[in-house]
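Student: Sharing a structure, written as structure tokens. Questions coming.
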Amino acid sequence: MALVHKLLNGTYILRKCPKPGVASCPFLSTRFADYCSSSLEKPVAAPGKASSQRKTEGNLEGHHQREVALDITSPEDKPEVSFDKAIKEEIKDHFRRLKDDIVNHWIGPEGRPLHEVLMEQAKVVWQFRGKEDLDKWIVTSDKTIGGRSEVFLKMGRSNQSALLYGTLSSEAPQDGESGRSGYCAMISKIPTGPFERKRFYDWSQFNTLYLRVRGDGRPWMVNIREDTDVIQRKDQMYSYFMFTRGGPYWQEVKIPFSKFFFSNRGRIRDAQYQLLLDKISSIGFTLADKVDGPFFLEIDFIGVFTDPAHTEEFAYENSPELNPRLFK
């Protein structure tokens, strides 16, 4: 009863009581609503206290504004992002590269005089001296089909080589489809020219692949792909084995191009074809020896050279029954 008496006299303050409408709350009287609204009004302070209160509020408000100003970035400081400008710069870059290609074509192959190219006996195609050299390669493993193998690529000591390492696992993925697994690979990216046109390497004047590597004793497969513009040839490659000795010493591996055998989808074909050296698109290294555990392969450089002592053109025989196209 004392609480009702205070509400009716307006002496009890309800600070969080919103002003209700009579239509929504018919059981409340208009007088009760007026008292609730009057209780929410700010009390009137004395003149001296009011001036000091306004000064304190002004100081707090100014301090708050300074804090907000520190958090908000000025529109003038925001970097300007223009999609049209980026497209124009990209087109200019491609035309600049096209101009360089035209100039180099008039000078000679790869922008060098023709007599220098014809007299060249050896050439380094890939070497590893920095991160930009690693960007020309990609690594992959059976993780793409649900396997457990892992492979990584990084720079070696003193940035003088590339280190390919990881863990090989031949455990088949539990997907009900794949019955075999266990491979890791390192593949070079296909070179591109202006406007993303595919390029290829011309090794027609060389007859041997030359590598300087250091491994852990595992056998690797060296794979060479020709130009893959034709869709039917995207799974075709030429392969040969590379055996590493293990230990701390480097070894120089020389593989004649005539030794590379033809395969399709990982299977050696009965009909063998000779590798076309003037349309090489990429080279790769694959480990799939079914020996689970860690591995590593360190590569200094990959090149080609002409071995005058090697005169073999093709190491594999063909018969009219296996490859009748060669005997027409």
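The values are calculated or read from the model by the stated rules, or taken from the named source; none is laboratory data. As the structure is a computational prediction, the values presented were derived from the model and not from experiment. No Cβ is skipped: glycine too gets one built from the backbone with ideal geometry, and neighbour counts run over all protein chains shown. With ligands, DNA and RNA removed, areas are computed over all heavy atoms of the protein, side chains included. Shrake-Rupley method; radii C 1.70, N 1.55, O 1.52, S 1.80 Å.
Student: From the P(r) of the stretch 124-305, can you give the percent of Cα pairs sitting at distances over 28 Å?
Tutor: Details: 3961 of 16471 pairs.
More than 28 Å apart: 24 percent of the Cα pairs in the stretch 124-305.
Student: With a 1.4 Å probe and all protein chains in place, put His105, His94 in order of accessible area, largest first.
Tutor: Putting His105, His94 in descending order of accessible area: His105, His94.
Student: Could you order peptides 240-251, 198-209 by the average number of other Cβ atoms within 10 Å of their residues, highest first?
Tutor: Averaged packing, sorted descending, gives the order 198-209, 240-251.
Student: Follow-up question, since we're still on this one. Would you mind checking which residues have amide H under 5 Å from Ile280's amide H? H placed 1.01 Å from N; only 5 or more apart, or other chain.
Tutor: Result for Ile280 returns Tyr201, Trp203.
Student: Same structure again: In debye, nearest 20: dipole of the stretch 124-305 around its Cα centre with unit charges on the Cβ of K, R (+) and D, E (-)?
Tutor: Using only the charged Cβ atoms, the result is roughly 240 debye.
Student: Then there is this: Obtain the nm distance between the two label points defined at Thr144 and Arg96 by a simple spin-label model: each point lies 7 Å from its Cα along the Cα-to-C-beta direction.
Tutor: 3.3 nm
Student: At 1.4 Å probe radius, can you tell me the per residue accessible area of the stretch 124-305 in Å²?
Tutor: I get 52 Å² per residue for the stretch 124-305.
Student: Let me ask something additional. Taking 0.36 nm per residue of separation and subtracting the Cα-Cα distance, what length does fully extending Trp126 through Phe152 add?
Tutor: Extra length from Trp126 to Phe152 when fully extended: 7.5 nm.
Student: Accessible area of the stretch 124-305 with a 1.4 Å probe: how many percent of it is carbon plus sulfur? Present the calculation step by step, with values, prior to reporting the outcome.
Tutor: Values: 4710 of 9550 Å².
Here it works out to 49 percent.
Student: Something else about it: With the contact rule set at Cα under 8 Å and sequence spacing of 6 or more, what percent relative contact order holds for the stretch 124-305?
Tutor: Across the stretch 124-305, relative contact order equals 31 percent.
Student: How would you order 144-150, 284-290, 219-225, 127-133 from highest to lowest mean count of nearby Cβ atoms within 10 Å?
Tutor: Working: 144-150: 16.1, 284-290: 18.3, 219-225: 20.1, 127-133: 13.7.
Peptide ranking by packing, descending: 219-225, 284-290, 144-150, 127-133.
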